[in-house]
Every structure is written in structure tokens, then in C-alpha cells.
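Below is one structure; the comments refer to it alone.
The values are calculated or read from the model by the stated rules, or taken from the named source; none is laboratory data. Model, not experiment: these values are computed from the prediction. So basically every Cβ, Gly included, is an ideal-geometry build from the backbone, and we count neighbours across all protein chains shown. In case anyone asks, the SASA skips ligands and DNA or RNA and just uses the protein heavy atoms, side chains included. Shrake-Rupley method; radii C 1.70, N 1.55, O 1.52, S 1.80 Å.
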Amino acid sequence: PDIDLLTPVDLLMPEEDEINHKVVLIENTLLEFDVDIDIIDVQVGPTVTRYAVQPYKTDGSERIRLNKIASYASDLSLALSAKRLRLETPVPGTNYMGIEVPNKQPSTVALRNVIESKTYYDESKKKDAALFIPIGRDVSGEPTSINLAEMPHLLIAGTTGSGKSVCIAAIAIALLMQNPPDKVKMVMLDPKMVELARFNGIPHLLGPVETDTERIIGVLKWCTREMDRRYKLLEEHSARNIDIY
């Protein structure tokens with residue numbers, strides 16, 4: 001399908017005043033507990049903003065321990081009026097810790113904007129994989145993508161309303177947008193009966209979206225037989241994966 005079928009949505013980022021206000025709140029709240037820190041960077045994402053915190057040295061030689069700052073998470077959450085607060089102690093690959101604060105107004109991340117981004121284009125050309133798909137934006141707002149072929153056992157988990165169905169639909173749509181029906185075929189099983197019905201009729205499906213429990217069990221058994229058949233084919237040709245085959 002043409003990319004024009006997808007609707008672009010501009011990111012709604014927090015205003016500078018909101019960010020600066022939270023910087024002051026974080027620094028002053030910790031200062032009340034004699035913890036002197038400096039916020040050296042702010043990374044703004046679609047749903048959260050990460051504040052990079054670097055503690056000062058107490059007496060010129062010893063730094064304040066990160067777990068001491070983390071112990072004030074509840075006080076920070078109260079001061080920032082945040083429902084949830086996430087602390088990274090430290091942010092992997094850096095020399096600072098991160099405090100992720102939810103934005104007042106979360107921004108919608110549109111699939112089209114991610115697909116059309118330069119970051120995704122460069123990555124997809126580098127990977128050149130049929131199952132390379134966009135999954136959204138990270139905490140700094142940069143497009144994030146994955147190659148499904150490198151993660152064949154995938155569990156999408158989360159609380160009610162956290163976006164599991166949206167994620168599954170986005171993955172399916174990305175596969176449709178980037179592959180013709182003769183290259184990628186899909187089997188869709190929907191015990192809830194209402195989540196995947198919209199995909200009925202697309203040429204990429206091997207059959208209709210299955211909603212009946214008995215038929216779902218039968219389709220799963222067929223899938224395992226097909227998987228075994230393919231493993232035997234790979235074994236006969238001494239191939240570890242489909243690319244080598």
C-alpha cells in the first residue's frame with residue numbers, strides 16, 4: 001500500500017518553561033535533603049522527559065552515592081506531581097543518572113513519521129531485511145526500529161490500556177507497508193474477536209483472521225508442523241537460517 005494511507009502527526013513537545021520549572025523543582029527538592037546535584041542535560045521524548053543528573057562531590061573527593069539520590073524518588077514524585085517516576089542509576093553508557101518525568105500532555109507517535117524519518121531510512125538500508133520494522137520513538141524522541149528475524153520469540157506484555165494491541169497492529173501494518181504478499185505471509189489468531197478483524201481480506205493473510213477457539217488450536221498445530229518442515233529443509237541444506245538457505 002501507498003504511504004499516503006497513513007496519517008502523519010507532529011510531535012507535541014513540552015514547552016521550555018515547563019522543562020525549566022521541573023529542573024528547578026528537582027534541584028531544590030534534593031537540596032532540601034542536603035543532596036547537591038547539577039542537571040547537565042535534558043532529553044525530551046514524546047511521553048517522558050529525561051533529566052540527566054550529576055551529583056557534586058561532597059568534600060572535593062567523594063561523590064554522593066547514586067542510591068542515596070534514588071532513595072528520594074517518592075519525594076521527587078510528590079514535588080513534580082508525577083504519577084510515576086523512573087530513575088536510571090546510572091543511564092547505561094554514561095556518567096550520569098537519569099530521572100524520567102512524564103510530560104503533562106503525552107504526544108502521539110505516528111507510524112508514518114517514524115517510517116519517513118532519516119534515522120529509520122538509514123537503518124533499513126543498512127539492515128536490508130524484510131522483517132525490519134519501526135516500533136516508535138525512544139526517551140529522547142529518536143525513531144526506534146527492530147528486526148523481527150533477530151527476535152523470533154516475542155512477548156508483548158503490559159497492563160490494560162498500555163498499548164499492546166496498538167503495538168501488534170503497528171507491527172502488522174509495517175510488515176504490510178514494506179513487503180508484497182508473495183514475500184511475507186501472515187497468520188492471525190484473535191481469541192478476543194475484536195482486535196484483528198480489521199485485517200480480514202488483506203492479501204498477505206494465509207487465511208481469514210481466526211476467532212473460534214477450536215480453529216485457533218488447529219491453526220497453531222499446523223504452524224508447528226510447518227515449522228518442523230522448514231527446520232528439516234534447513235537441515236538438509238546445512239543452513240542455520242533462511243538467509244543462508
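Against the criterion of being at pLDDT below 90 and on the phi < 0 side of the Ramachandran plot, LEU196 does not qualify. State all residues of the range 136-147 that are open to solvent by 30 Å² or more (accessible area, probe 1.4 Å) and within 14 Å of ALA170 (Cα to Cα); if no residue qualifies, say none. Once the filter is applied, which keeps residues that are open to solvent by 30 Å² or more (accessible area, probe 1.4 Å) and within 14 Å of ALA170 (Cα to Cα), the range 136-147 yields ARG137, THR144, SER145, ILE146. Against the list (1) surrounded by fewer than 17 Cβ atoms within 10 Å (Cβ to Cβ); (2) of a type outside the set (A, V, I, L, M); (3) modelled with pLDDT of 90 or more; (4) not in a helix (DSSP H, G or I), the condition GLY161 fails is (3).
Among the residues of the range 208-228, what is the count of those that are touching a helix residue (DSSP H, G or I) at 6+ places or on another chain (Cβ under 8 Å) and either touching a residue at least 60 places away in the same chain (Cβ under 8 Å) or part of a loop (DSSP other than H, G, I, E, B) (or both)? Summing the residues that are touching a helix residue (DSSP H, G or I) at 6+ places or on another chain (Cβ under 8 Å) and either touching a residue at least 60 places away in the same chain (Cβ under 8 Å) or part of a loop (DSSP other than H, G, I, E, B) (or both) in the range 208-228 gives 2. When restricted to residues that are more than 12 Å from ILE168 (Cβ to Cβ), touching a Ser or Thr at 6+ places or on another chain (Cβ under 7 Å) and not aliphatic (A, V, I, L, M), the range 182-216 contains 1.
Considering the range 172-223, and only residues there that are touching a Lys or Arg at 6+ places or on another chain (Cβ under 8 Å) and among the aliphatic types (A, V, I, L, M), the residue that is least open to solvent (accessible area, probe 1.4 Å) turns out to be LEU205.
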